[in-house]
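What follows draws every value from the coordinates through simple rules; no lab data is involved. Bear in mind that the values here come from a model prediction, so they are computed numbers and not experimental data. Cβ placement follows ideal geometry from the backbone for every residue including glycine, while neighbour counts extend to all protein chains displayed.
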């Protein structure tokens, strides 16, 4: 029997949770961005309308990818890497690049701002799923090709600079390597080997080391390096248990990237502990369904692909929430489905569409 006879309905819980988070994201983008949008354009709904368009496109893409058999992605895994490397090179070496606040992470393609690192993250997961399925990893030398490709992408992302995305890529790929037959002893050795050069890079990069200082001593550097962390803490404290009400955030005027990287702090202020916990619960449900779907897939490629995509989402969510709550130093990472940003939202919806397709072939 072919795959067509095995298809089931897509995972309802994943669909429902994704839509709930997307709706919350749209509401919060409107609430958090209205003041900034009015000051910049005279229209409080300017950024909300843009995000609404991206959300509509994302839903269409998620629906289409839900219908595409997940095994199709084997065919384009190599192409995805080539496209990603090309776009990342354009960010570094072309006039199409867009610089914002000292970072060059975007391209202006036909009037549309595109963030190639978002595409690169998914492309790398697709590539590793294909490689690990076709060429099982049993010894460390089997990782030469995956590590080479991963190293090129990480280097290009670092040059933007974008340390946050680097962390997400390393963690997600590390989780995928755990799915191979490689001995866990290698992971025990790899952790300090990665931390030592990582610390060296941070210590010798002034703005990154300042972020460490702002993380360790936020109130000491409240007007400089710790500004974002301090204002996020104030937002959470102001919200209390039940919040002060939607659209009433006082920290919107002070929180940097309040409709993007730090939007969870606005949720904590306007909806309080209950609202923040509800969002956390939705994310836990989303990730748990993703891992369950990957485990129930009948073949190894689908398991690797589902596991990799879910790990990608999980690490990005975890890094963003840890940054906003002060558990990690500041990094420019968006909160999937919630934060403002077209590239992030569309790629996230594409990832969810792939997971939904994998769920149609699950074995109960």
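For region 77-184, a Kirkwood radius taken over Cα pairs fed into Stokes-Einstein (25 °C, viscosity 0.890 mPa s) yields D = 170 µm²/s. Taking every alpha-carbon pair under 8 Å whose residues sit at least 6 apart, the chain reaches a relative contact order of 28 percent.
Using alpha carbons only, how many degrees (0 to 90, rounded to 10) separate the axis of helix 342-359 from the longest principal axis of the chain? It is inclined by approximately 40 degrees. Take each peptide in 204-210, 150-156, count the other Cβ atoms within 10 Å of every residue, and average; sorted highest first, the result is 150-156, 204-210.
Dividing the mean sequence gap of close Cα pairs (under 8 Å, 6+ apart) by how many residues region 156-297 holds gives a relative contact order of 14 percent. In a Gaussian network model over the chain where Cα atoms closer than 10 Å are linked, find which of 326, 290, 56 has the largest mean-square fluctuation. In the Gaussian network model the winner is 56.
Return the calculated 222 nm mean residue ellipticity for the chain, to the nearest 500 deg cm²/dmol, obtained by summing -39500 (n - 2.57) across DSSP H runs with n ≥ 4 and dividing by the residue count. Don't skip to the answer; put the middle values down first.
Numbers: 12 runs with 242 residues, N = 364.
Taking each H run of at least 4 residues, the total per residue is -23000 deg cm²/dmol.
With the Cα gyration tensor of the chain in hand, give its eigenvalues times 5 under a square root as the equivalent ellipsoid semi-axes, listed largest first in whole angstrom. For the chain, the ellipsoid semi-axes come out as 32, 25, 20 Å.
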